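Asks: First the structure, then my questions, so here it is.
The values are calculated or read from the model by the stated rules, or taken from the named source; none is laboratory data. Predicted model only: the values in this text are computed from it and were never measured. Methodologically, a virtual Cβ is constructed for each residue, glycine included, from the backbone with ideal geometry; neighbour enumeration extends over all protein chains shown. In case anyone asks, the SASA skips ligands and DNA or RNA and just uses the protein heavy atoms, side chains included. Shrake-Rupley method; radii C 1.70, N 1.55, O 1.52, S 1.80 Å.
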Amino acid sequence: MLAFAGAGGGSGFGQRTMPLPVVSEPSRAEVVLKHVAPHWHKATARIERWFAQRDLVPDLAEDIGSARWFRGFGTMLALGGAAALCWPSFSPLQAAPLTVLDDQAQNEFRVQGIRPLAFGADNGRRMVQTDAVIALAAAPERPSIDLTATLGTGDSFPRMLQRAGLSSVDIVRVIDLVGGAVKPESIQPGTRFAIRLGARTSPAQPRPLEQIAFRPRFDLALDIRRSGGGLALASNAIAVNTIPMRIRGIVGGSLYRSARAAGAPPSAVQDYLRAIDEHMAFEEIAPGDEFDLVFANRYAASGESQAGDVVYASVVRAGKPVLQLLRWGKDGTFTSPQGMAEGAQSSSGSLGAPVNGRITSNFGPRRHPILGYMRMHAGIDFGAGYGSPIYAATDGRVTFAGWHGGHGNYVRLDHGGGIGTGYGHMSRIAVSPGLSVRRGQVIGYVGSTGLSTGPHLHYEAYRNGRTVDPMSIGAVVQRATVDPAQMAAFRAKLAQVTAIKPNSGPATIR
């Protein structure tokens, strides 16, 4: 009774009863679909079997004239007829009637439309001006303008200031102030200048300079400000800490790209390549060799960093250095341990003739006999018989011996002091890389390999890695004895540099 009372009273007291589920009757469409679906599947399956047996779409390129071919031809005609029956009508459509807009409607459309800036961009509704609006004769100017200027390559400091908007009086004063701290022509391209121009008295006058700040050097910041009606210079020396960093990696398809991929900055890679080129031909460096360089990384107290000069450059092959160069001496030239051991050099004598023959082409621009266009002839050609001996112009070391593109069989000698010679188009080479040769020693024989029209010797001269006229080198060098103390200091510095762990960040050298 309590159970029935609770359920009937709705008070929740006593035993609850669950409502019976409501069963809805299926719709008429569901009933029809339930009865038709089995018959539909049977009918479609029967139609598919019929089409599969009849082969109504055969290849019309096969069995031409057969019953199977005519059946396929009939299918094609039937499909074409069906497509023709579905051909659409191309009768013109009725366009919307034109609506004549009066001036008020046109203005309404104009303010609600979207127009480009070229047409004034007068989009959106605007309030009509009232008597409270006062027309100005000219727009007011800002009291000051802050801008940044960059000194470009081939540009000058005065022209850059002129483009920035400085007056001629301010330009002269700025150059005088800067000239007291650094030479204006020594400012490197890419230097950025923070410039502030003040308010001018009239639109026809240039704005006066209020401030210009820049860093002409990594360790120096200059700040010119207007104070008391004139410009004054404030020079701020920035403390710089130099810490060497060593980068070593494997040479791939490109020595430059391999060094850059290893983390070496562009300026350090360029210094490394210039140092290597003075003592070794790039053709000798093959993929799989290792590059090794140490450069002075400079850290400013203001937080910036800059890659300094390369102090060590090396090429490693099979785990052993084939070339080691250390920046040494007051002039900061790269010196190898072999060159240090051989001693300093002094001028004496002249380059000997590399072959017994006459000069057939001098140094300078000429029309190439094979390529047919003007190009620089970076050497002297000697006409000589095929197989004539070729002699070393003076004492030196063989840095390259092998095939060298258009030079054919080619030998390059390093004579020290940045002087080198090259011998091209040889028929046969008589020396190997790394071999020391004496003046007049046979290093090869005249031939016509490479881009050559006949037997001759192409003779080149190098000064600091650049080709020069061999006739301009009037003297060669004689070696003097080396100071034992200097040699010991050189070896100690070389051991200290090579002790730096490569690819591990900045290190410290005392």
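Asks: Between VAL437 and residues 5 or more places away or on another chain, which pairs have amide H atoms under 5 Å apart, with H built 1.01 Å from N, and which residues are they?
Replies: For VAL437, the qualifying residues are GLY396, ARG397, VAL398.
Asks: Continuing with the same structure: Pop out the ³J(HN,Hα) list for the stretch 47-55 in order, Karplus 6.51 cos²θ - 1.76 cosθ + 1.60 with θ = phi - 60°, rounded to Hz; leave Gly and Pro as x.
Replies: 5, 5, 5, 5, 5, 5, 7, 7, 6
Asks: Just to verify a number: what accessible area does ASP395 come out at with the full protein assembly present, 1.4 Å probe, Å² rounded to tens?
Replies: Ignoring ligands and nucleic acids, ASP395 comes out at about 60 Å².
Asks: Still on this model: If you average the alpha carbon positions of the stretch 149-185 and of the stretch 410-460, how far apart do those two centres end up, in angstrom?
Replies: With the stretch 149-185 and the stretch 410-460 each reduced to a Cα centre, they are spaced 51 Å.
Asks: If you count only protein heavy atoms and use a 1.4 Å probe, how large is the accessible surface of HIS404, to the nearest 10 Å²?
Replies: For HIS404, the solvent-accessible surface is approximately 40 Å².
Asks: Roughly how many Å is it from the Cα centre of the stretch 393-408 to that of the stretch 211-255, as a whole number?
Replies: After rounding, the separation between the Cα centres reads 43 Å.
Asks: Same structure, new question: What's the carbon and sulfur percent of the stretch 190-318's accessible surface, probe 1.4 angstrom, rounded to a whole number?
Replies: Details: 2940 of 5980 Å².
Ligands and nucleic acids excluded, carbon and sulfur reach 49 percent.
Asks: Now, a different point. Apply the Karplus parameterisation 6.51 cos²θ - 1.76 cosθ + 1.60, with θ equal to phi minus 60°, to every residue of the stretch 137-153 and state each ³J(HN,Hα) to the nearest whole Hz, in sequence, with x for glycine and proline.
Replies: 5, 8, 6, x, 9, 5, x, 8, 10, 9, 9, 10, 10, 10, 7, x, 5
Asks: Let me ask something else about it. Trypsin sites (Lys or Arg not before Pro) within the stretch 367-458: which are DSSP loop residues with at most 10 other Cβ atoms inside 10 Å?
Replies: Values: sites: ARG367, ARG375, ARG397, ARG412, ARG428, ARG438, ARG439; in loops: ARG438, ARG439.
Within the stretch 367-458, the qualifying trypsin sites (Lys or Arg not before Pro) (loop, at most 10 other Cβ atoms within 10 Å) are ARG438.
Asks: Applying 1/(1 + (r/R0)^6) with R0 = 30 Å to the Cβ-Cβ distance of ARG438 and SER254, what FRET efficiency is obtained, to the nearest 0.05? Don't skip to the end; give the middle numbers.
Replies: Details: r = 36 Å, r/R0 = 1.21.
According to the calculation, E is roughly 0.25.
Asks: Amide H neighbours of VAL355 under 5 Å, at least 5 residues apart or on other chains, H built in the peptide plane: list them.
Replies: TYR391
Asks: Using the Karplus equation 6.51 cos²θ - 1.76 cosθ + 1.60 (θ = phi - 60°), what ³J(HN,Hα) coupling, rounded to whole Hz, does each residue of the stretch 418-432 give in order, writing x for Gly and Pro?
Replies: Couplings: x, 9, x, 9, x, 9, x, 6, 5, 7, 8, 9, 10, 10, 9 Hz.
Asks: While we're here: Which order do you get for TYR299, TYR386, TYR272 if you rank them by accessible area with a 1.4 Å probe, largest at the top?
Replies: On the way: TYR299 70, TYR386 160, TYR272 0 Å².
Per-residue accessible area, sorted high to low, gives TYR386, TYR299, TYR272.
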